[in-house]
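See structure below.
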Amino acid sequence: MPDAVKAYLHSRPRWMRGREWLIGRRYAFAAFPDRPKPLVVVAYSRRDSVKALEMVRAVEQDWAEVPQQCRDAYEEILQHAPKLVIIQFRRTNICGCLGHRHVVVKEQPFAEAHEGLGGDPAGELDIAFQRVESWLALPLMDTALDTQFVAGSRLREFHTERLRLRFLSILLHEINHMVRSQEREASIRERSLSFYRDALAQYVEGAKASLSFTIDRSFSRFEQD
């Protein structure tokens, strides 16, 4: 699927590809490691390539490492997801939300169903990554963990991992909307926040178990709290 989509993008007229390149539009591809769909296409600005790579890693790496019950909660949803999910990856948005599901696909190369895209309509959403960075998904838990890590050398690693889990939970939240458009927002939000909470808790527990508290001060305060 990624190769087919890349071939389709390359088959478009040269002037189209040249215009996208000049304005800095780039595409990255991410596939869930345990399933054939959806393929996630991250549409981003060249200046935001570092953050876009974290979005890719969230799908291709972190999904496989979250607890099994987190993946099970989205099993049926991902089975019925579009083959192609486009993320318009931007710094912020006018309304101040973290992300939206788009009723129609706005990213031009994917706006219409095409044989090179599997012949089926794509789904699309946007994620405002700067707003996600400052978002306290679960205020008490996020603040407490920040305090735990603040004295240590692995604070940056923790922030990066936490950001990727936020990206992943928002992506799954919006795919949930695509697949079950009639489900109540409260139910969808509870599912995605549970995913984030349990995945983050497992990451912290794994980090604690893998480090010597006497060597790395990143976790030196866990035993005190």
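General remarks:
- Matching option when the condition is under 23 Å from Ile77 (Cβ atoms) and modelled with pLDDT of 95 or more, among Leu193, Leu200, Leu172: Leu172
- Within the range 10-55, the set of residues being of a type in the set (A, V, I, L, M) and either buried (at least 18 other Cβ atoms within 10 Å of the Cβ) or under 30 Å from Arg71 (Cα atoms) (or both) comprises Ala28, Ala30, Ala31, Leu39, Val40, Val41, Val42, Ala43, Val50, Ala52, Leu53, Met55.
- Selection within the range 104-131: residues that are of a type in the set (A, V, I, L, M) and either part of a loop (DSSP other than H, G, I, E, B) or surrounded by fewer than 20 Cβ atoms within 10 Å (Cβ to Cβ) (or both). The member of this set that is modelled with the lowest pLDDT is Ala113.
- Filter pass, Asp72 being modelled with pLDDT under 90 and surrounded by fewer than 16 Cβ atoms within 10 Å (Cβ to Cβ): no
- Filter result for Ser49 (among the hydroxyl-bearing types (Ser, Thr, Tyr) and without any contact (Cβ under 8 Å) to a residue 40 or more places away in the chain): yes
- Selected residue (criterion: surrounded by the most Cβ atoms within 10 Å (Cβ to Cβ)) from residues of the range 78-103 that are closer than 19 Å to Ala137 by Cβ and modelled with pLDDT of 95 or more: Ile87
- Residue within the range 56-66 that is more than 23 Å from Lys106 (Cα to Cα), of a type in the set (Gly, Ala, Ser), more than 14 Å from the chain's Cα centre (by Cα) and surrounded by 13 or more Cβ atoms within 10 Å (Cβ to Cβ) present: no
- Total residues in the range 7-24, condition of a type outside the set (Phe, Trp, Tyr) and in contact with a Leu (Cβ under 8 Å, 6 or more places away or on another chain): 1
The values are calculated or read from the model by the stated rules, or taken from the named source; none is laboratory data. Just so it is clear, the structure is predicted and the values come from calculations on it, not from any experiment. Here Cβ is always computed from backbone atoms with ideal geometry, including for glycine, and neighbour counts include all displayed protein chains.
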